[in-house]
Amino acid sequence: PASNPIPPNNATNQDLSVTLSWSGSSSTYNLYFGDTQNPSLLTTTSSTTYTISGLEYGKTYYWRVDTVGGCGNSTGELWSFSTYKYGISSVSALKNPFRLAVIGSNFSYDSTVKINGVEVPSVSRKGSTKIVAKGGSALKNMLPKGVNVTITVEDNAGGTSKPFNFTR
């Protein structure tokens, strides 16, 4: 049977495009993939890698690799991974007063913004696609001019975005 899945079983914070890979000695594999625990047949392949794109933020995906052989098929184990909960597409500094606009997707009521792992003084959520970080000089001090920082959107349950590099 197929083994050594990448991403590893139960992996979290995966990108929206993932290359699945596995170990096996068969010449043919049936790859099943989907967002339920009973994934559908996606493809039959001789390769031990397959790239899937167009995934959604905050979802768990399930996959299985069955080996196909002369003596019949061997059903593989069910594996899963989940994507980043939130996406950041852009960040911009706003003036008078100083604020930071974070544009993205899937933001929730308890999402907050962190700069280099430190929570900003306050946020104003503008639906599921925009969060404005506030805090005046305290926020400005977290974003020194010309210095690259890492911005993430996170929640209290451990959901996070892919880190976004930003320089003011």
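The values are calculated or read from the model by the stated rules, or taken from the named source; none is laboratory data. Bear in mind that the values here come from a model prediction, so they are computed numbers and not experimental data. Cβ sites come from the backbone with ideal geometry, for glycine too, and all protein chains shown count toward neighbours. Accessible surface is based on the protein model in full, side chains and every heavy atom, while ligands, DNA and RNA are left aside. Shrake-Rupley method; radii C 1.70, N 1.55, O 1.52, S 1.80 Å.
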Note, the stretch 9-19: 3J(HN,Hα) by Karplus (6.51, -1.76, 1.60, θ = phi - 60°), whole Hz, Gly/Pro = x, goes 3, 6, 5, 10, 6, 8, 5, 7, 10, 10, 9
With +1 on each Lys and Arg Cβ and -1 on each Asp and Glu Cβ, and nothing else charged, work out how big the dipole of the stretch 1-87 is about its Cα centre, in Debye to the nearest 20.
40
Rounded to the angstrom and largest first, Cα extents along the principal axes for the stretch 1-42 equal 31, 20, 16
For the stretch 50-58, take each phi angle, set θ = phi - 60°, evaluate the Karplus expression 6.51 cos²θ - 1.76 cosθ + 1.60, and give the result in whole Hz per residue in order, putting x for glycine and proline.
7, 9, 10, 10, x, 6, 10, 5, x
Which net charge results for the neighbourhood of ASP110, defined as the other residues with beta-carbon distances under 14 angstrom from its beta-carbon, given Lys and Arg at +1 and Asp and Glu at -1?
0
Once label points are set 7 Å from the Cα along Cα→Cβ at both THR49 and THR129, what is their separation, rounded to one decimal in nm?
3.5
In percent, what relative contact order does the chain have, based on Cα pairs under 8 Å that are 6 or more apart in sequence?
19
Cβ-based net charge around ARG99, under 11 Å, with every Lys or Arg adding one and every Asp or Glu removing one
+3
Expected 222 nm ellipticity per residue - DSSP helices of 4 or more, -39500 (n - 2.57), all of the chain, to 500
-1000 deg cm²/dmol
Shape of the chain, Cα gyration tensor, a/c cut at 1.5:
prolate
Taking H as built 1.01 Å from N, whose amide H comes closer than 5 Å to the amide H of GLY76, not counting residues under 5 places away?
VAL65, ASP66, THR67
Test item: Cα-centred dipole of the chain, Lys/Arg +1 and Asp/Glu -1 on Cβ, debye
1100
Using only the C-alpha atoms of the stretch 122-168, find the volume of their convex hull and express it per residue in Å³.
91
Can you tell me, using C-alpha contacts under 8 Å and at least 6 residues apart, the relative contact order of the stretch 86-168 as a whole percent?
31
Around LEU78 (Cβ within 15 Å, Cβ-to-Cβ, excluding LEU78; K/R +1, D/E -1) the net charge comes to -2
Given unit charges at Cβ for Lys, Arg (+) and Asp, Glu (-), the dipole magnitude of the stretch 62-144 about its Cα centre in debye, nearest 20, is 660
Hey, if you put +1 on the Cβ of every Lys and Arg and -1 on every Asp and Glu Cβ in the chain, which of GLY24, ALA2, VAL153 ends up farthest toward the positive end of that dipole?
VAL153
Which one, GLY34, GLY146, GLY127, has the greatest fluctuation when you compute a Gaussian network model over the chain with C-alpha springs under 10 angstrom?
GLY146
Provide the per-residue ³J(HN,Hα) series for the stretch 60-76, in order, calculated from phi with Karplus coefficients 6.51, -1.76, 1.60 and θ = phi - 60°, each as a whole number of Hz, with x at glycine and proline positions.
9, 10, 10, 8, 8, 10, 9, 8, 10, x, x, 9, x, 8, 10, 6, x
The chain, accessible surface, carbon-and-sulfur percent (1.4 angstrom probe):
46
What does the accessible area per residue of the chain come to in Å², with a 1.4 Å probe and no ligands, DNA or RNA counted?
52
